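Q: Submitted below is the structure of interest, expressed as structure tokens.
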Amino acid sequence: MKTPKERSVDPATIEMLDHVADQGLSTAWDRFDAMQPQCGFGQLGLCCRNCTMGPCRIDPFGDGPSEGVCGATADLIAARNLARMVAVGASAHSDHARDVTRAMLAAAEGGDYTIKDAEKLRRLAKEWGIETDDRSLSDLAKDVAETALGQFGQQEGALRFTARAPEITRKRWEDANVVPRGIDREVVCLLHGTHIGGDSDPKSVMMAAMRTALADGWGGSMIATELQDILFRTPEWLRSRTNLGVLKEDEVNIVVHGHEPVLSEMLVAASQDRDLVALAESKGAKGISLSGICCTANEILMRHGIPVAGNFLQQELAIATGVVDSMVVDIQCVMPALADIAGRFHTKLISTSKKAKVPGATHIELDESKALQIAKEIIRISIENFPNRDTARVKIPDVSSPLIAGFTAENVFTALGGRYRPSYRPLNDAIISGRIRGLAAVVGCNNPKHMQDAGHIAITKELLANDVLVATTGCTAIADAKAGLMCPEAATEYAGKGLLEICEAVGLPPVLHMGACVDISRILVLLSNVVAEGGLGECLADLPAAAAAPEWMSEKAVAIGFYAVASGAFTVLGEPLPVQGAPGLTKFLTDEVEEIFGAKFAFESDPVKAARLMIDHIDAKRAALHLPGPMYETPYAPKTAEPAMSAAE
Amino acid sequence: MSRVVISAAIRGATAFVAEAETNLDAAIRDRGEDHKVEFPGTAFQLPMIHALMGLEVTTLGGLKPVIAHCRELLPAEPSEKLWLPYLGAGLDAGVTALLAMEATCALRYVDAEAIEDGFTGFISDTILRELGIQLVDGRMPGFAAVLGPAPTDEVALHVVRELQKRSILTFLMCNSDGVSMRDQLARQDVELGWDTYIVPVGRDTHSAIYVLDWAIRGGLTFGGHKKGDWESCLRYCRERIFAFGITFGPIPDDWYAVGAGAIAMGFPVISDHESTPEVRPTGVTTYEALVRQTDPEQIVPTCIEVRGVKVKVEEVDIPVSFSPAFEGERIRREETYVQFGGKYSKAAELLETAELDEITDGEIIVRGQDIDAAEAGGVMDVGIHIRVAGRKMKADFDGIFERQVHRYCNEAMGFMHTGQRDQIWCRVSKTAFEAGFRLKHIGTILHAKLHDDYGAIVDKVAVTICTDPAEVQDLIDHAVPAFAARDERVAGMTDESVDTFYSCTLCQSFAPNHVCMITPERLGLCGAYNWLDGQAAYEINPTGCNQPVVKGTCIDQQRGEWEGVNQFVYDHSNRGVERFSAYSLMENPMTSCGCFECIVAIVPEANGVMIVNREYPGETPIGMPFSTLAGSVGGGAQTPGFLGVGRLYLTSKKFISAEGGLSRLVWMPKDLKEAMRERLEQCAADQGLDGFVDKIGDETVGTTSEALLEHLAKVGHPALEMDPIF
């Protein structure tokens, strides 16, 4: 069994792991250890349970069966399994988007939700060709929401947001026949192909998976982001703190967890209700403190500066502090184990999604038509629970870090030019000149197979030191923030000289928090804007940019990886896709697919090596664009490009 | 680091806003909201507010929304720790400062606060447009705004001379402990003013707005961008106006605020002080935004590099500085070492085509005594005989090249040249003489410049300069018949005698839809290019801005409309102008870029037209001074009833012949009338208009339509009897 210091680099986690061990409690890490050795067939992608002629499994060493009962090869079995992961991941983001769209419809009809960013609503309506002149916000909201809903059931044509991609990128999709038609259609189509005796060509299955993934990135995820911005307001830069130290010993702590902010937005509003604050005080609390785990946390952090208690592997630890009066969960990445640990403390676990119920939890289902009332009720229950704390078991690590959050594709314009000179030009110039060597998106989860946060932080630091600007979302964002990488001051410590000059000129932290995992769509738009600004190629694949998910574990991450590659981003995964028992499929994903999309996957568990793969890719793209190498000397020198200070200067 | 800079700029901007607000409140209290506010000599009210906010502020009350916008835009200072992105905020602060400064300065004009002697204060539209042609042809590659005095008088002199040498227009502003760079230069007897390219604008920081107001009008005037189209106006400044700032000494908050505003307009700032943090990343400005250069020797070269100014420094090997900046330099009698020509002695210049084997390139011969022989303050006879050979050279070009002698010679510091042909008058200053300037250097200049400007045509240039009176007389005797022959050739040309006109799209970099059509009887509206120039320019550079336009089938002889011309104009005006009449004011008239010498405008009450030249500052009978008229005529749009023209067009037979020609002319400024009297009288006589010139009204008969009509009736002006102009 690993020690806490082997399980995590986060001091708060380490402290709490000691604490839960003392209390005789178990966590995901313990369950992971108990699971060893894990199934090798599963890890290699060679187990097929798609029909009851099976289960079938292929012997990776060539001694046993080389095909399933139906004749499926290792490549086909792994491809179908992987495709199903993509389908589930895309479904998660997209169904999230559907709920947001429904909340927007509710807003259009009056009620608790209102339009917070009318300007963005109008912009989106215009983008979608919806008449905006002389129309009320609710009319517009209704039309936009209905148009968005139409994207799910659309049968032909292209999803509307694909028009945001550079023309050459779209051309690639057309040539490869992967233009996503309708969100639900692509998921169904993909799943259909994985049925026994369906699509038997592993590459064809993968191309269908790419199409479904694009329906996530440029469909479901982007709809979720855009409509949430309209409904809950578009983020602006703000300060906050993160890690378990944000929990308050003397206040009612309500921790939201999951991914959909529809209810948590209401909780933010309700937590400021005077009567409820008074009620909390009457129970001996000094106030009501909201914080969050995972992406629900990121959502309300981005829009309201609500502090983040932790990322995925800290959900149980938060409860183990003994001060969480309620944990309000919605959907995705909510461990079923929460009910057990909540039961060992006074914590009320409240499930709220009609799609995700947790045995042992109190279920208070979100109803958009009375969302505020429900939110108040949840807060009231939490307050009522405050006196039930066992103060003797309270243990809050005194660990939290400040951060800046709230970066969007839109506010890059104002960050760089203010009201009168909004432009991406300084960013493009910085890349062209070699001050910024390239752009990286580092995203993903936590995974007990990897020391918590270690991969995120190491890969990010290596990129920063080599003048690569990092954008991040999700649990990576929380990891980086906990490590202090999202303070503007961090540029001085971690950024290379070129990147530091840009951070100092603009006032940026070297790592940009761009939101929740659906908000990777923001990064797609940002990169498209960079292409549109000019000077860095004609499509996303031309950019000196790369992506990584060092500690990924979820099916959503697979969908994201697929749309990243299909969009043209070289993507390095810290945990390999379950395809390594399928050599043909592995070759396809890590090599051949580059012919089609200009990008491919790479698997590398060593974060520094992973960062260097990304940097090699960035350097190669710079060379292809005839750009100079990095402006200043970097710890990891380019292998090919000319040294410093030429063309752009 | 940038945060320090931006914090200072925000503090500076905050103070500017507070000041403007206080001053405006006081002004409204004292004078009321309806009290008029304006800068003198501009059609753009308060230009920065006009361009960025789209507001035409004419009253004190009109400034209230400006202050409100400043308040809204003004950001908070970035915090000491955990700051939020501040670059955009810094630029917003800069823009805020500009708007607030402009308001404050406009209020000073309301109070009729005197502009200190030797400073310009607000810079009028007239000056902006006068320099337009130099902007276009690259003679003036950039503009420097110098903030504060240099550490020593010597550095001040060095820096302005370096700028002058590169023909960069230099504005002086701001002070340190009350001392302005103007004072430093005055102490060293440096000639200041528009002619020498060194223009003191004001002593305080606020005066910087006058220069930035000048720059922003570039986009409005030459770019044709509309008020409130801040994006285009600011992009124009960044891409087209090669301005930069130079600061001396530690930069105070208010300078930082102005600097942030300048950077928001795309103009970089170069500081000489070690305490200034650098902002090197590019993108807001084309190259670096804020750069430190502590070596006085390197300040100007650094500026050139940072702004990306394109300077063509011809190394003309003479002992004095050589640059267009010295073109307007006057040499006063007491400064004169020697002079020739004018009313004092005989002097002439002649340029002739020679065969290639007749002359040796670069041969410069001085015959007779050089100026050493003269006493200080003396007089000499001088003849300058230039012979040019080239495979593409032809006698048609003689006059064109010869006319450059005036410009070339004047660019030498300490040498003054006026007149032409056998009417020249030149002076050499004592300073130039002491520096070693001699007659042969005139040859050096002409050789270098003719090669440089007309290298495609000119292969060999030889210059002989004589001073022996008999020899000078021989040259004149030889030249006079040559001059007469040239006149005959040019004067004899008519639009009918050629099948090809020449276009000029030199100004499309400023007015993208404007096409000038140059015909033998209608010169370019700037007055600087005639048909022969167009032809020569085309031969020099066949892919350049002057293209031959085959007239094609005539559609209307009276209006001057041809199929070929229409097609060319349509194709080259971004399909903006479909039809074009060469001789009409009213129907499809020619567009204007903004560089016109004069404006012809309809005077409906008088059934005629008036003409007003750029130099005339006063009111006109149609109620608008030149500057206001210019605002509506320029930018490349057809404006029936209004026409930008070169003054010589007035005496062309084709002058608005569609509307009846010269006899429509009812009013013109007196100075213009007198300057052109001889030509006008000849032209009137040719058209049978006896005593016509004195019937034309001018400002002495009035600047109102009533006074003008009274005058026209009294003198029996023919326009009153003509067919209605509409």
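Q: Could you pull out the pairs from A:Lys461/A:Lys609; B:Lys36/B:Lys670; A:Lys248/A:Lys449; A:Lys348/A:Lys482; A:Lys142/A:Lys354; B:Lys392/B:Lys440 whose alpha carbons sit more than 21 Å apart here? Present the calculation step by step, with values, prior to reporting the outcome.
A: Details: A:Lys461/A:Lys609 12 Å; B:Lys36/B:Lys670 30 Å; A:Lys248/A:Lys449 31 Å; A:Lys348/A:Lys482 26 Å; A:Lys142/A:Lys354 23 Å; B:Lys392/B:Lys440 27 Å.
From the list (A:Lys461/A:Lys609; B:Lys36/B:Lys670; A:Lys248/A:Lys449; A:Lys348/A:Lys482; A:Lys142/A:Lys354; B:Lys392/B:Lys440), the Cα-Cα distance tops 21 Å for B:Lys36/B:Lys670; A:Lys248/A:Lys449; A:Lys348/A:Lys482; A:Lys142/A:Lys354; B:Lys392/B:Lys440.
Q: If you build the convex hull over the alpha carbons only and average its shadow over all orientations, what do you get for the protein assembly as shown? Give it in nm² to one decimal.
A: 61.0
Q: If the only charges are +1 at each Lys and Arg Cβ and -1 at each Asp and Glu Cβ, what is the size of the charge dipole of the stretch B:324-474 around the Cα centre, to the nearest 20 debye?
A: On the way: 19 positive and 27 negative charges, 92 e Å.
Here the size comes out at about 440 debye.
Q: Could I ask something else about it? To check you understand DSSP bridge types, tell me what percent of the beta bridges within chain B (both residues inside) are antiparallel, rounded to 5.
A: Values: 40 of 76 bridges.
About 55 percent, rounded to the nearest 5.
Q: Still on this structure, I have one more. Among bridges DSSP assigns within the stretch A:251-393, what percent are antiparallel (round to 5)?
A: Numbers: 1 of 21 bridges.
The answer is about 5 percent antiparallel.
Q: Under a Cβ-only charge scheme (Lys and Arg +1, Asp and Glu -1), can you give me the dipole magnitude of chain B about the Cα centre, in debye to the nearest 20?
A: Numbers: 65 positive and 105 negative charges, 219 e Å.
Once rounded to the nearest 20, the dipole reads 1060 debye.
Q: Right, another one. List the trypsin sites (Lys or Arg not before Pro) within the stretch B:61-162 that fall in a DSSP loop (any state other than H, G, I, E or B) and whose Cβ has at most 16 other Cβ atoms within 10 Å. Intermediate values should be presented prior to the final figure.
A: Values: sites: B:Arg71, B:Lys81, B:Arg108, B:Arg129, B:Arg139, B:Arg161; in loops: B:Lys81, B:Arg139.
Within the stretch B:61-162, the qualifying trypsin sites (Lys or Arg not before Pro) (loop, at most 16 other Cβ atoms within 10 Å) are B:Lys81.
Q: Let me ask something else about it. Using square roots of five times the C-alpha gyration tensor eigenvalues, list the equivalent-ellipsoid semi-axes of the stretch A:76-141 in whole Å, biggest first.
A: Numbers: eigenvalues 245, 43, 11 Å².
With the √(5λ) rule applied to the stretch A:76-141, the semi-axes are 35, 15, 8 Å.
Q: Cα-based Rg of chain B per 2.2 N^0.38 Å, rounded to two decimals?
A: On the way: Rg = 27.2 Å, N = 726, 2.2 N^0.38 = 26.9 Å.
Expressed relative to 2.2 N^0.38 Å, the Cα Rg reads 1.01.
Q: Just want the answer: with Cβ charges of +1 for Lys and Arg and -1 for Asp and Glu, which residue in A:Leu301, A:Pro635, A:Thr225 is farthest toward the dipole's positive end in chain A?
A: A:Leu301
Q: Return the average number of partner chain Cβ atoms within 10 angstrom of each residue Cβ along peptide B:274-286. Don't jump to the answer; show the numbers that get you there.
A: On the way: counts 0, 0, 0, 1, 3, 4, 8, 15, 11, 17, 10, 4, 2.
Rounded to a whole number, the mean comes out at 6.
Q: Can you give the relative contact order of the stretch A:150-192 as a percent, counting alpha carbon pairs under 8 Å and 6+ residues apart? Don't skip to the answer; put the middle values down first.
A: Working: 38 pairs, mean separation 23.4, N = 43.
Relative CO of the stretch A:150-192 lands at 54 percent.
Q: Please work out whether the stretch B:291-423 counts as rounded, prolate or oblate from its C-alpha gyration tensor, where a ≥ b ≥ c are the square roots of the eigenvalues and a/c under 1.5 means rounded, while otherwise a/b larger than b/c means prolate and anything else oblate?
A: Details: a/c = 2.30, a/b = 1.33, b/c = 1.74.
The shape class here is oblate.
Q: Check cross-link reach from A:Lys370 to the aspartates and glutamates: straight Cα distance under 20 Å, and skip same-chain residues fewer than eight apart.
A: Correct list for A:Lys370: A:Asp99, A:Glu109, A:Asp112, A:Glu260, A:Glu265, A:Asp273, A:Asp275, A:Asp330.
Q: Using Cα pairs under 8 angstrom and six or more residues apart, how large is the relative contact order of chain A, in percent?
A: On the way: 1455 pairs, mean separation 105.0, N = 649.
Relative contact order for chain A comes out at 16 percent.
Q: Evaluate E = 1/(1 + (r/R0)^6) for B:Gln473 and B:Arg187, where r is the Cβ-Cβ distance and R0 equals 45 Å; express this FRET efficiency to the nearest 0.05. All intermediate terms of the calculation are to be shown ahead of the outcome.
A: Numbers: r = 47 Å, r/R0 = 1.03.
Efficiency, rounded to the nearest 0.05: 0.45.
Q: Compare the peptides B:421-427, A:503-509 by average per-residue count of other Cβ atoms within 10 angstrom and give them in order, highest first.
A: Details: B:421-427: 19.3, A:503-509: 26.4.
The packing order, highest mean first, is A:503-509, B:421-427.
Q: Run the numbers on the stretch A:74-232 and let me know its relative contact order in percent, using alpha-carbon pairs under 8 Å that are six or more apart.
A: Numbers: 219 pairs, mean separation 63.0, N = 159.
Relative CO of the stretch A:74-232 lands at 40 percent.
Q: What fraction, in whole percent, of alpha-carbon pairs in chain A exceed 48 Å separation?
A: Tail of the P(r) past 48 Å holds 10 percent of the pairs.
Q: Got a sec to turn the phi values of the stretch A:428-435 into Karplus ³J(HN,Hα) couplings, 6.51 cos²θ - 1.76 cosθ + 1.60 with θ = phi - 60°, whole Hz, x for Gly and Pro?
A: For the stretch A:428-435, the Karplus-derived couplings read 4, 4, 4, 6, 4, 6, x, 5 Hz, x marking Gly and Pro.
Q: What nm distance separates the two modelled labels at B:Asp370 and A:His192, each placed 7 Å from Cα along Cα→Cβ?
A: A separation of 9.7 nm, rounded to one decimal place.
Q: Give me a single rounded figure for B:89-100: the average over its residues of other chain Cβ atoms within 10 Å of their Cβ.
A: Working: counts 5, 4, 8, 6, 1, 3, 4, 3, 0, 1, 0, 0.
For peptide B:89-100, the averaged partner shielding equals 3.
Q: Right, next: When the chain is fully extended, how far beyond the present Cα-Cα distance does B:Gln558 get from B:Glu116, taking 0.36 nm per residue of separation? Walk me through the numbers on the way to the answer.
A: Working: separation 442, 0.36 × 442 = 159.12 nm, distance 5.37 nm.
Stretched out fully, the B:Gln558 to B:Glu116 stretch lengthens by 153.7 nm.
Q: Another one. When you count, for each residue, the other Cβ atoms within 10 Å and take the mean per peptide, how do A:421-431, B:646-656 rank with the highest first? Could the numbers behind the result be given before it?
A: Details: A:421-431: 23.9, B:646-656: 20.7.
Per-residue Cβ counts within 10 Å, averaged per peptide and sorted highest first, yield A:421-431, B:646-656.
Q: Out of A:Phe32, A:Leu46, A:Ile14, whose Cα points farthest toward the positive end of the dipole of the stretch A:4-57 (charges: +1 Lys, Arg; -1 Asp, Glu; placed on Cβ)?
A: A:Leu46
Q: Can I ask one more? Mind checking the dipole of the stretch B:2-307: about its Cα centre, +1 per Lys or Arg Cβ, -1 per Asp or Glu Cβ, Debye to the nearest 20? Display every interim value, and only then the final one.
A: Values: 26 positive and 42 negative charges, 168 e Å.
Roughly 800 debye for the stretch B:2-307.
Q: Return the average number of partner chain Cβ atoms within 10 angstrom of each residue Cβ along peptide B:77-84. Working shown, then result.
A: Numbers: counts 0, 2, 2, 0, 5, 10, 9, 11.
Going residue by residue through B:77-84 and averaging, the value is 5.
Q: Can I ask one more? Across 5 Å bins from the origin, how do the percents of Cα pairs in the stretch A:4-57 run, short distances first?
A: It works out to 5, 16, 17, 15, 10, 10, 10, 9, 7, 2, in whole percents.
Q: How far apart, in nm, are the 7 Å Cα→Cβ label points at B:Glu38 and B:Tyr570?
A: A separation of 4.1 nm, rounded to one decimal place.
Q: Counting only DSSP beta bridges with both residues in the protein assembly as shown, what percent are antiparallel, rounded to the nearest 5? Each step should come with its number before you reach the end.
A: Working: 49 of 126 bridges.
DSSP beta bridges in the protein assembly as shown are roughly 40 percent antiparallel.
None of the figures in this text is laboratory data; all of them are computed from the coordinates on show. Source: prediction; values computed, not measured. Here Cβ is always computed from backbone atoms with ideal geometry, including for glycine, and neighbour counts include all displayed protein chains.
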